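S.K.: One structure, as structure tokens, below. Some questions next.
The values are calculated or read from the model by the stated rules, or taken from the named source; none is laboratory data. The structure presented is a predicted model; accordingly, all values stated were derived computationally and were not measured. Don't worry about glycine lacking a Cβ; one is built from the backbone with ideal geometry, like all the others, and counts go over all protein chains shown. These area figures cover heavy atoms from the full protein model, side chains too; ligands, DNA and RNA do not enter into them. Shrake-Rupley method; radii C 1.70, N 1.55, O 1.52, S 1.80 Å.
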Amino acid sequence: MSEALVGSEQCLEFARSLVAHLEAGDEQGAQESLEALSAIRESQLFQELGKLTRELHNTLANFQIDTKITTLAETDIPDAKERLNYVITMTEQAADKTLGAVEELQPLSDELQTRMAKLHADWGRFRSRDMAVEEFRELSRELDQFFDWMGETMPQFNSKLTDIMMAQDFQDLTGQIIRRVITLVQDVESGLVDLIRISGQKLKAQPEKKEVNPIEATGPSIEGIDQGNIVKGQDEVDDLLSSLGF
Amino acid sequence: MKILIVDDFSTMRRIIKNLLRDLGFNNTSEADDGLTALPMLQSGNFDFLVTDWNMPGMQGIDLLKAVRADERLCKLPVLMVTAEAKREQIVEAAQAGVNGYIVKPFTAGTLKEKIDKIFERIEAGG
């Protein structure tokens, strides 16, 4: 039999005896029955209160274990903002580099076309024997100049094309950063779900200490955010390796 | 000279492939992580491996260790081209037997220099 049923049967019993005492004019007995009735009520109230307190305590205890939200808010989100800013910087630099190289190549390409067109026309006249000797000397001088110019210009052309190609490395580097931020967004999502689950409680959680694996792959390092032993460029890589006997 | 390029980003694979072509290496193949690279290496007669570090599946450092642990591949020259720039990581790669280490972003000149150095050392029998 449940507690509630026991309680209500007891209540009924005391209520009947209260009526009986009143009808019999037994004031003392009536008073006792009344007190017994309210004692039952109070004990049920205490039981309920006890249950609620225990639930609240368990909920708070669970939440203190799960402190990732604090870490997310205090460290990871500002960190992600910096990383995303770095993505903007890198994509901007890549676009600048590419556009710069194209702008330098275009006048060269225009000049090449103009000079080719002139030489082509003169060469056509020579082939159809429509050219004086003096003019041919001029043409042959122009051809010499053209070959010299090509010799100087083509390496420039190639180096600009390489610049354009190298500028595309941003796609790899920013991709690695964005992947990392996506993981963070997923963590925030699960943290928020937990928060909603336990909403309404005041929390004071300690930031969790992350285990750091020094050789874990973390993608491109960003000055000002990434702490620790990071080399500043290829020269430092080379120095380190040569100190190891490379 | 048959070269395998391993990077999860196809843009970077193309960049390295084009740079290698400029340097006169035309016979290149590509893989997008260590798990696909390793069987290719085991069956493909490659002379040189260029690998990234941070990749899903099998990471570059684990690929390097697997190569060094494989009887037939253990002498294969390996150049790491990666954004991973912590000293601990470079030391780890060196201890695992890497032949060269380039930090991204890098230049065409750096790639040429490191490759030249690796082959010089191999020709000198080192």
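S.K.: Just for the stretch A:161-176: of the residues that are open to solvent by less than 40 Å² (accessible area, probe 1.4 Å) and not aliphatic (A, V, I, L, M), which one is farthest from A:L108 (Cα to Cα)?
M.R.: A:Q176
S.K.: Right, another one. Take A:T89 and tell me if it is open to solvent by less than 50 Å² (accessible area, probe 1.4 Å) and more than 30 Å from A:S8 (Cβ to Cβ). Before you say what the answer is, go through the steps one by one.
M.R.: Details: open to solvent by less than 50 Å² (accessible area, probe 1.4 Å): no; more than 30 Å from A:S8 (Cβ to Cβ): yes.
So A:T89 fails the test.
S.K.: Could you check the stretch B:13-31 and list, in sequence order, the residues that are out of contact with any strand residue (DSSP E or B) (no Cβ under 8 Å at 6 or more places or on another chain) and of a type in the set (A, V, I, L, M, F, W, C)?
M.R.: Listed by number, the residues that qualify are B:I15, B:L19, B:L23.
S.K.: Tell me, which helices (runs of 4 or more DSSP H) wholly within the stretch B:33-126 include 1 or more residues that are open to solvent by 10 Å² or more (accessible area, probe 1.4 Å) and more than 10 Å from every other protein chain (Cβ to nearest Cβ)?
M.R.: Per the criteria, B:34-44, B:60-69, B:108-123.
S.K.: Touching a residue at least 12 places away in the same chain (Cβ under 8 Å), surrounded by 10 or more Cβ atoms within 10 Å (Cβ to Cβ) and not charged (D, E, K, R): is that true of A:T53 in this structure?
M.R.: no
S.K.: So, one more: If you go through the stretch A:162-181 one residue at a time, how many are more than 25 Å from B:N18 (Cα to Cα) and within 13 Å of chain B (Cβ to nearest Cβ)?
M.R.: Matching residues across the stretch A:162-181 total 3.
S.K.: Among the residues of the stretch A:203-224, is there at least one that is β-branched (V, I, T), open to solvent by 60 Å² or more (accessible area, probe 1.4 Å) and at pLDDT below 80?
M.R.: yes
S.K.: For the stretch A:179-195, indicate whether the set of residues that are among the aliphatic types (A, V, I, L, M), modelled with pLDDT of 90 or more and closer than 30 Å to A:P107 by Cα is non-empty.
M.R.: Within the stretch A:179-195 (the criterion being among the aliphatic types (A, V, I, L, M), modelled with pLDDT of 90 or more and closer than 30 Å to A:P107 by Cα), the answer is no, since none of the residues qualifies.
S.K.: What pairs come up if the first residue lies in the stretch A:163-191 and is closer than 18 Å to A:A80 by Cα, the second is open to solvent by 40 Å² or more (accessible area, probe 1.4 Å) and in a helix (DSSP H, G or I), and their beta carbons are under 6 Å apart, counting only those six or more places apart or on different chains?
M.R.: From the stretch A:163-191, the pairs are A:F170/A:T91; A:G191/A:K68; A:G191/A:I69.
S.K.: Here is a further query. From (1) surrounded by fewer than 16 Cβ atoms within 10 Å (Cβ to Cβ); (2) within 14 Å of another protein chain (Cβ to nearest Cβ); (3) within 20 Å of B:V67 (Cβ to Cβ), pick out the condition that doesn't hold for B:M1.
M.R.: If we test B:M1 against (1) surrounded by fewer than 16 Cβ atoms within 10 Å (Cβ to Cβ); (2) within 14 Å of another protein chain (Cβ to nearest Cβ); (3) within 20 Å of B:V67 (Cβ to Cβ), just (2) comes out false.
S.K.: Those residues that are within 12 Å of the chain's Cα centre (by Cα) and closer than 17 Å to B:I16 by Cβ, I need them from the stretch B:77-102; list them, please.
M.R.: Correct list: B:P77, B:V78, B:L79, B:M80, B:V81, B:T82, B:V98, B:N99, B:G100, B:Y101, B:I102.
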